[in-house]
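Working notes, beginning with the structure itself.
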Amino acid sequence: MNILVFGKTGQVARELSLLPGVTCLDRAAADLSDPPACVAAIRAARPEAVINAAAYTAVDKAEDDEALAGVINGAAPGAMARACADMGIPFVSISSDYVFSGGGSAPWSPEDVPEGATGPLGAYGRSKLAGEQAVAAAGGAWGILRTSWVVSAHGSNFVRTMLRLGATRDSLNVVADQIGGPTPARDIAAACIAMVQGLAGDPGKAGIHHLSGTPDVSWADFARAIFDQAGLTCTVVDIPGSAYPTPAARPLNSRLNCTSLEAVFGVTRPNWHHGLADILKDLKETS
């Protein structure tokens, strides 16, 4: 299957680039701040499916740059989805748990409507929600894959940060009241492929689905697991999120109900312990 991917240097895009039949576009080839250029790239490539793995991901910066985040995360995926619907090909776009408020303790389901009291806490979440709504409105064989806490052996992510800090410090303060599922980028890439293949065979599978690693864990306990697997002796000190203020509020509850992804596309939740081992192995091999 000939699949066109928006994004080249991001965590998921880099994993997708390793798969056969995938062509990845960097910003020079298709700038998401220019939605018509994205549409032109799709029409020129004439792929059998499109995956949007690019996004404005600077959560804190988005608070002062919401207009640009809205174009990149909202308008651009909508334009891509409309082009794919016109061409009769599947389109899958990656979204985020940040579309929800993070309230309560129950896992968020795809059917939960993130608006009002359950809506996004900040600009980044609002921009991702706008993208979801635009993709859904385009119709056709579309899919949204919401995910959380993306990690890999490359890019900027929690695993790499903890390894860097843990190697030079005796202890680290880590937030313990935010709960979610760390999700290896490699598993997100595989889920996106399964979705476009499934949608190609049955456009009736269109909809929103969730993928996050299992088991759900706090950032603090995830840090402990990282240090344990990496053989680092750094001690983790639990702190509340309120003790680590950021410009954009973070959801306390990032748990995601992933049952529909398995039911519709046969994709099960990955065990992040196994994914973490693979990440540490990849980092060791490239060091």
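The values are calculated or read from the model by the stated rules, or taken from the named source; none is laboratory data. As the structure is a prediction and not an experimental result, all values here were calculated from the model. Note that each Cβ is placed from the backbone with ideal geometry, even for glycine, and that neighbours are counted across all protein chains shown.
Determine which member of the set Ala28, Ala44, Ala40 is part of a loop (DSSP other than H, G, I, E, B) and free of Cβ contacts under 8 Å to residues at least 12 places away in the same chain.
Exactly one residue qualifies, and that residue is Ala28.
Can you tell me which residue among Arg224, Arg255 is surrounded by 16 or more Cβ atoms within 10 Å (Cβ to Cβ) and in contact with an Asp or Glu (Cβ under 6 Å, 6 or more places away or on another chain)?
Arg255
List every residue pair whose Cβ atoms sit under 9 Å apart, with the two residues 6 or more apart in sequence or on different chains, where the first one lies in region 265-282 and is free of Cβ contacts under 8 Å to residues at least 40 places away in the same chain and the second, anywhere, is surrounded by fewer than 22 Cβ atoms within 10 Å (Cβ to Cβ) and assigned to a helix (DSSP H, G or I).
Listed pairs, sorted by first residue: Thr268/Glu262.
Here is a check on your reading of the model: is Ala13 out of contact with any Ser or Thr (no Cβ under 9 Å at 6 or more places or on another chain) and modelled with pLDDT of 95 or more?
Spelling it out, Ala13 is indeed out of contact with any Ser or Thr (no Cβ under 9 Å at 6 or more places or on another chain) and modelled with pLDDT of 95 or more.
Please work out which residue is nearest to His154 (Cα to Cα), limiting yourself to region 26-45 and to residues that are surrounded by fewer than 22 Cβ atoms within 10 Å (Cβ to Cβ) and within 20 Å of the chain's Cα centre (by Cα).
For region 26-45, the residue satisfying everything is Asp26.
For Ala75, are the conditions met, namely being small (Gly, Ala, Ser) and more than 17 Å from Ile193 (Cα to Cα)?
Here the answer is yes, as Ala75 does meet what is asked.
Could you please tell me which pairs satisfy a Cβ distance under 7 Å, a separation of 6+ or placement on different chains, a first residue in region 226-244 that is touching a residue at least 24 places away in the same chain (Cβ under 8 Å), and a second residue that is in a helix (DSSP H, G or I) and β-branched (Val, Ile, Thr)?
Ile226/Val159
Anything in region 161-182 that is of a type in the set (Gly, Ala, Ser), out of contact with any Asp or Glu (no Cβ under 7 Å at 6 or more places or on another chain) and surrounded by 14 or more Cβ atoms within 10 Å (Cβ to Cβ)? List them, or say none.
Gly166
Only residues that are within 26 Å of Arg186 (Cβ to Cβ) and over 18 Å from the mean Cα position of the chain (by Cα): list them for region 225-264, please.
Ala225, Ile226, Phe227, Asp228, Gln229, Ala230, Gly231, Leu232, Cys234, Val236, Ala263, Val264
Spot the failing condition for Asp177; the list is (1) more than 20 Å from Ala106 (Cα to Cα); (2) in a loop (DSSP other than H, G, I, E, B), and only one is missed.
(1)
Do you know which residues across region 2-18 are hydrophobic (A, V, I, L, M, F, W, C) and either surrounded by 14 or more Cβ atoms within 10 Å (Cβ to Cβ) or assigned to a helix (DSSP H, G or I) (or both)?
Scanning region 2-18 gives Ile3, Leu4, Val5, Phe6, Val12, Ala13, Leu16.
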